[in-house]
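Q: Dropping the structure in here first, questions after.
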Amino acid sequence: LVATSEAMLAGAVALVLTRCLSAEDAYRAIEWRVVVPIAGMLPIGTALVSTGLAAQIGQVFTLTLASAGPLAVIAGLYLFTALLSQLVGGQVAALIIGPIAVSAAVQLGVNPSAVGVAVSMACSAAFLTPIAHPVNVLMMAPGSYTFGDFLRVGAGMMAICFATLLLVLRLFWQI
């Protein structure tokens, strides 16, 4: 009946209005380290689409990898997104790569949902660096982990996720 985001906002407002949660506690619970980069990158995602740059970058992926097939284009987008996610975080990478991926999917005639799944999985694959995800940073000191530890273990995890994604794309979307 109602969009999930609207229902969640209504629930948060109801908690404050019924005094189950104070406005100060609600404000403190907001993860500003996540909200600010996303809010800052939304205009970039919009600009990528409105200026046509997303279509042009999507065309570069398509022209470069299309001869190897749609799965190769999606694999290239996955790898590019996963590497970008290690530097800027998955939320920001999704806002940057999302329009590019959809444009590439449309140009290839591939289901944009399949490409969206690939990009979202790549944005979640924050295994290679401690700065890729806040949890990685939090675990680094208590576990006495080094940057190399993340790279060594994360590379295997990334390979498993990548192979699984390609298999699922082949089986579920026949790409």
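Q: Identify all residues within the stretch 126-150 that are surrounded by 12 or more Cβ atoms within 10 Å (Cβ to Cβ) and outside any helix (DSSP H, G or I); write none if there are none.
A: 126, 127, 128, 129, 130, 131, 132, 133, 145
Q: Also: Might you check whether a residue that is modelled with pLDDT of 90 or more, assigned by the TED database to the domain that holds residue 157 and open to solvent by 70 Å² or more (accessible area, probe 1.4 Å) occurs anywhere in the stretch 58-65?
A: Checked against the condition, which is being modelled with pLDDT of 90 or more, assigned by the TED database to the domain that holds residue 157 and open to solvent by 70 Å² or more (accessible area, probe 1.4 Å), the stretch 58-65 yields no hits at all.
Q: Next question. Out of curiosity, is residue 12 under 26 Å from the mean Cα position of the chain (by Cα), surrounded by 11 or more Cβ atoms within 10 Å (Cβ to Cβ) and in the same structural domain as residue 92 (by the TED database)?
A: Considered against the rule, which asks whether it is under 26 Å from the mean Cα position of the chain (by Cα), surrounded by 11 or more Cβ atoms within 10 Å (Cβ to Cβ) and in the same structural domain as residue 92 (by the TED database), residue 12 comes out as no.
The values are calculated or read from the model by the stated rules, or taken from the named source; none is laboratory data. Worth saying up front: this structure is predicted, and the values here are computed from it rather than measured. A quick note on method: Cβ atoms are made from the backbone with ideal geometry, for glycine too, and the neighbour counts reach across all protein chains shown. Protein only, heavy atoms only, side chains kept; ligands, DNA and RNA dropped before computing areas. Shrake-Rupley method; radii C 1.70, N 1.55, O 1.52, S 1.80 Å.
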